[in-house]
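Chemist: Have a look at this one before I ask anything.
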Amino acid sequence: MAKELWKGNEAIAEAAIRAGCRCYFGYPITPQSEIPEYMAKHMPAAGGVFLQSESEIAAINMVYGASGAGARVMTSSSSPGISLKQEGISYLCGAELPAVIVNVMRGGPGLGTIQAAQGDYFQATRGGGNGDYRLIVLAPATIQEVVDLMQDAFDLADKYRIPVMMLLDGMIGQMMEPVEWTHTPAADLPEKSWATTGTNNERPPNIINSLFIDPDECNRHNLKLEEKYRRITENEQRFEITDADEAEVLFVAYGTPARLARAAARLLGEEGIKAGVFRPISVWPYPYDALHEAAGKESVKAVVTVELSTGQMVDDVRIAVNGIKPVHFIGQAGGVVPTPREVADAAKKALGR
Amino acid sequence: MKLPDKAVTIIAGHYGTGKTEFAVNLAIAMARDKRRTALVDLDIINPYFRSIERKAELEKEGIIIHVTSHGGKGDTPAIPAEVMSVFADTGLQSIIDLGGDPGGARVLGAYKPQLDAVPHDFWYAVNLNRPENRDPEKVIADIRETEKLSRQKITGLVNTTHLGRETVLSDILKGDEHAAAIAGRLGLPLVYTVGERKFESEAKDLVKGSFFPINIYMIKPWELGDAKGGQFEWLLEE
């Protein structure tokens, strides 16, 4: 099929509908408002439900209800709105409910700015809600990748009964790029025998719950969740490595900063400095081993992390590199985007040139 | 290619059609033709990838710029009072870049008395590669909605068909056919077919709209890395 020009937020919404999402609950906030706008226009035509909730908190709890009843469901917001959803996300994890949550990040903290940022990495990968829980967090870098990953996001959510977050920065939501709609077949998924779909007097009722008041029972529940997170960590790490052979500098970046890093690598190449880019696509589970191996190559003199934050993912880079190579950081926060030249200069400084 | 001679030229269309790129290039072409030119960014829809990001280049060309509050990057897009000056300043030619969707044209309704009093054109940009622009019926419905919300009549179409950096000649030619057919049904002219300068020699005799060659000014931050020796070389000047 011929390529079309899509705006990121519209593509997110369309890809979700194509992935079988039939319930969307959300509340507008820049820079993601085109998602609910698109859903409002197109979800009813797909036979689904669009509801603009009275708040982000209501939306995430509607997600809990719809998911508990077995629906493919999504919500989206941007940073301050995602903060409001944290309680609901913790409950979804506790009750083992699948859902897709899209965060089109803007600058923070607090209300911050409406321009693009990546300051919600800790919240997404460490949890902004209470308790021992994890989300699968996917961080695409192009609109094509957003579209391609959306089916996977819903499938992974159902497969592991876990919320999956799409972690994007505002530029991905707002920019236009060519998209080719390739059909990704749905994964072979089991029936949702746990969903509250009515017993028909033929089985005991299913109960969706995150309350385990007996400490031993709650402990067993946590250990069961932990076992699930271990399986996800084993099976679902995703990353991309570009031009790492003989690289002196290894950039590490997720989302659009990976594109800045690739542009910086080209500038360095013109000066005779080889630079590669390691791009985590799943930021939880984080591809620690793959990054450790890439950084461990003899040619690599410095690892340079690029983020639209004051340094969050760099903690995971340090865990991965584990002291075998120096780890440097360049970033801007609050909606300012470094130029490829600034990124290239940071790499040169890291090399002592 | 003939440049507009009316006092005000307004550009509307769905977001992502290439309106802003065309508006910026049109302003520069007019300024280089020694006309006093203003670019008015009245986009109240989209706070990203705005013409104001090219403020330095535009001001270097002598173009006067008016933009919504917070340099177009705010969450509450208040319209500055000085926009009114473009209707009063005789001898000034203004280009008004509206926000995307019919909703983006709503802001124009506030200037109905001023616009009715000056000669103006109101062009609708069409990009065949945008899903919303594929169906001629939908384009016509959007034009009617744009007219209703803006309280002004569309006076011409502009073919801005592109596919970002993957644009090829056939995109421009197919878009030209598509826009010309819609314009024909509406009894309106297809004023320009817009395309990057590199397509000019091949495209200009094949298209129905007058070919309007553009440079790409609205680039993404990582594309700055390709500036040296590439199509964004102009960004490295000085």
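The values are calculated or read from the model by the stated rules, or taken from the named source; none is laboratory data. All of these numbers come straight from a predicted model, not from anything done at the bench. Note: ideal-geometry Cβ built from the backbone for every residue, glycine included; neighbour counts use all protein chains shown.
Chemist: Of everything in segment A:115-151, what is in a helix (DSSP H, G or I), within 14 Å of chain B (Cβ to nearest Cβ) and in contact (Cβ under 8 Å) with a residue 40 or more places away in the chain? Give them in sequence order.
Modeler: Listed by number, the residues that qualify are A:143, A:147.
Chemist: Still on this structure: Evaluate segment A:72-87: report whether one residue or more is in contact with a Leu (Cβ under 8 Å, 6 or more places away or on another chain) and more than 13 Å from chain B (Cβ to nearest Cβ).
Modeler: yes
Residue-wise test of (1) over 16 Å from residue A:101 (Cα atoms); (2) basic (Lys, Arg); (3) surrounded by 22 or more Cβ atoms within 10 Å (Cβ to Cβ).
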{"residue": "A:13", "(1), (2), (3)": "no, no, yes"}
{"residue": "A:16", "(1), (2), (3)": "no, no, yes"}
{"residue": "A:19", "(1), (2), (3)": "no, no, no"}
{"residue": "A:23", "(1), (2), (3)": "no, no, yes"}
{"residue": "A:34", "(1), (2), (3)": "no, no, yes"}
{"residue": "A:47", "(1), (2), (3)": "yes, no, no"}
{"residue": "A:53", "(1), (2), (3)": "no, no, no"}
{"residue": "A:59", "(1), (2), (3)": "no, no, yes"}
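Chemist: Scan segment A:152-176 for residues that are within 14 Å of chain B (Cβ to nearest Cβ), outside any helix (DSSP H, G or I) and crowded, with 24+ Cβ neighbours inside 10 Å and jot them down.
Modeler: A:168, A:169, A:176
Chemist: Can you find, within segment B:26-82, the residue that is modelled with the lowest pLDDT among those that are of a type in the set (A, V, I, L, M, F, W, C) and out of contact with any helix residue (DSSP H, G or I) (no Cβ under 9 Å at 6 or more places or on another chain)?
Modeler: For segment B:26-82, the residue satisfying everything is B:56.
Chemist: Still on this structure: Run down A:102, A:147 and say which single residue is of a type outside the set (Phe, Trp, Tyr) and in contact with a Leu (Cβ under 9 Å, 6 or more places away or on another chain). Please lay out each step first, then the result.
Modeler: Numbers: A:147 fails: in contact with a Leu (Cβ under 9 Å, 6 or more places away or on another chain).
Going through A:102, A:147 in turn, the sole match is A:102.
Chemist: Let me ask something else. If you go through segment B:35-71, how many residues are under 17 Å from residue B:110 (Cα atoms), assigned to a loop (DSSP other than H, G, I, E, B) and in contact with a strand residue (DSSP E or B) (Cβ under 7 Å, 6 or more places away or on another chain)?
Modeler: Here the count works out to 2.
Chemist: For residue A:266, are the conditions met, namely being part of a helix (DSSP H, G or I), within 14 Å of chain B (Cβ to nearest Cβ) and surrounded by fewer than 24 Cβ atoms within 10 Å (Cβ to Cβ)?
Modeler: yes
Chemist: Does residue A:76 count as in the same structural domain as residue A:131 (by TED's automatic domain parsing) and assigned to a strand (DSSP E or B)?
Modeler: When the stated conditions are applied, residue A:76 passes them.
Chemist: Does residue A:111 satisfy being aliphatic (A, V, I, L, M), in contact (Cβ under 8 Å) with a residue 40 or more places away in the chain, touching a helix residue (DSSP H, G or I) at 6+ places or on another chain (Cβ under 7 Å) and over 17 Å from residue A:167 (Cα atoms)?
Modeler: no
Results for (1) within 14 Å of another protein chain (Cβ to nearest Cβ); (2) buried (at least 24 other Cβ atoms within 10 Å of the Cβ); (3) within 13 Å of the chain's Cα centre (by Cα); (4) touching a residue at least 24 places away in the same chain (Cβ under 8 Å), shown as yes or no for each residue.
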position	(1), (2), (3), (4)
B:7	no, no, no, yes
B:17	yes, yes, yes, yes
B:25	no, no, yes, yes
B:33	no, no, no, yes
B:44	yes, no, no, yes
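Chemist: Hey, another quick one. Output the number of residues of segment A:79-97 satisfying the condition of being touching a strand residue (DSSP E or B) at 6+ places or on another chain (Cβ under 6 Å) and outside any helix (DSSP H, G or I).
Modeler: Result for segment A:79-97: 0.
Chemist: Oh, and also: Considering only strands (runs of 3 or more DSSP E) fully contained in segment A:1-63, which possess at least 2 residues that are under 21 Å from residue A:79 (Cα atoms) and away from chain B (no Cβ under 14 Å)?
Modeler: Filter on segment A:1-63 gives A:23-26, A:49-52.
Chemist: Can we say residue B:210 is modelled with pLDDT of 95 or more, in contact with a strand residue (DSSP E or B) (Cβ under 8 Å, 6 or more places away or on another chain), surrounded by fewer than 20 Cβ atoms within 10 Å (Cβ to Cβ) and of a type in the set (S, T, N, Q)?
Modeler: yes
Chemist: I would also like to ask the following. So in segment B:52-71, with the set limited to residues that are closer than 18 Å to residue A:31 by Cα and in contact (Cβ under 8 Å) with a residue 24 or more places away in the chain, which one is nearest to the other protein chains (Cβ to nearest Cβ)?
Modeler: B:53
Chemist: Suppose we filter segment A:190-227 for residues that are surrounded by 12 or more Cβ atoms within 10 Å (Cβ to Cβ) and not hydrophobic (A, V, I, L, M, F, W, C); how many remain?
Modeler: Within segment A:190-227, residues that are surrounded by 12 or more Cβ atoms within 10 Å (Cβ to Cβ) and not hydrophobic (A, V, I, L, M, F, W, C) number 10.
Chemist: State yes or no: is residue A:186 hydrophobic (A, V, I, L, M, F, W, C), modelled with pLDDT of 95 or more and touching a Gly at 6+ places or on another chain (Cβ under 9 Å)?
Modeler: Spelling it out, it is not the case that residue A:186 is hydrophobic (A, V, I, L, M, F, W, C), modelled with pLDDT of 95 or more and touching a Gly at 6+ places or on another chain (Cβ under 9 Å).
Chemist: Moving on. Please give the number of the condition residue B:191 fails out of (1) over 24 Å from residue A:6 (Cβ atoms); (2) touching a His at 6+ places or on another chain (Cβ under 8 Å); (3) β-branched (Val, Ile, Thr).
Modeler: (2)
Chemist: Go through segment B:109-122 and report how many residues are surrounded by fewer than 21 Cβ atoms within 10 Å (Cβ to Cβ), in contact (Cβ under 8 Å) with a residue 40 or more places away in the chain and not small (Gly, Ala, Ser). Give the derivation first.
Modeler: Here is the first cut: in segment B:109-122, the residues surrounded by fewer than 21 Cβ atoms within 10 Å (Cβ to Cβ) are B:109-110, B:112-114, B:116-121.
Those still in the list that are in contact (Cβ under 8 Å) with a residue 40 or more places away in the chain too: B:109, B:112, B:118-121.
Cutting the leftovers down to not small (Gly, Ala, Ser) gives us B:112, B:118-121.
Going through segment B:109-122 one residue at a time, the tally reaches 5.
Chemist: Sticking with this one: Say whether the condition of being assigned by TED's automatic domain parsing to the domain that holds residue A:106, surrounded by fewer than 15 Cβ atoms within 10 Å (Cβ to Cβ) and among the hydroxyl-bearing types (Ser, Thr, Tyr) is met by at least one residue in segment A:178-188.
Modeler: Checking segment A:178-188: at least one residue is assigned by TED's automatic domain parsing to the domain that holds residue A:106, surrounded by fewer than 15 Cβ atoms within 10 Å (Cβ to Cβ) and among the hydroxyl-bearing types (Ser, Thr, Tyr).
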